[in-house]
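Worksheet for the structure shown next.
The values are calculated or read from the model by the stated rules, or taken from the named source; none is laboratory data. This is a predicted model, so every value here is computed, not measured. Note that we place each Cβ from the backbone using ideal geometry, even for glycine, and neighbour counts take in every protein chain shown. In case anyone asks, the SASA skips ligands and DNA or RNA and just uses the protein heavy atoms, side chains included. Shrake-Rupley method; radii C 1.70, N 1.55, O 1.52, S 1.80 Å.
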Amino acid sequence: MAYVIGAACIGTTDRSCVDVCPVDCISADDGDQMLFIDPVACIDCAACVEPCPVEAIALEAQVPAEWREFVEINRLHFEDAVAARELVVAWVGRQ
Ligand code: SF4
Ligand code: SF4
């Protein structure tokens, strides 16, 4: 289990979550429209939840149904950042 960043981060990316994460497991690359949480490194401390101005972060089991795809997108970013970015672009295109 880990925390997951959902679609509300897209276009916000203020990095408030990055500033409070004790294990530095939230990141993005140049060109990404949102940030991602590394599910392997996340220690489930929840410190990032409250500072997020758009309530984009939730525990994996509590991610809203319309954002379920972002569980995989967050994980994928740390394995294949380009593929994760393409999934975000596709998600935005469907809205
Ligand atoms: S839950 Fe804690 S460890 Fe996980 S991303 Fe948020 S601040 Fe970092
Ligand atoms: S605090 Fe929320 S909106 Fe800001 S970068 Fe983190 S997840 Fe995205």
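Checking each residue in the stretch 61-86 for being within 19 Å of ALA28 (Cα to Cα) and either touching a residue at least 24 places away in the same chain (Cβ under 8 Å) or in contact with an Asp or Glu (Cβ under 7 Å, 6 or more places away or on another chain) (or both) picks out TRP67, PHE70, VAL71, ILE73, ASN74, ARG75, HIS77, PHE78, ALA81, ALA84, ARG85.
Looking across the stretch 53-67, the residues that are open to solvent by less than 70 Å² (accessible area, probe 1.4 Å) and closer than 19 Å to VAL92 by Cβ come down to VAL54, ALA56, ILE57, VAL63, PRO64, TRP67. Looking at (1) among the polar types (S, T, N, Q); (2) over 13 Å from the mean Cα position of the chain (by Cα); (3) part of a helix (DSSP H, G or I), which is the one condition that is false for GLN95? Result: GLN95 passes all but (3).
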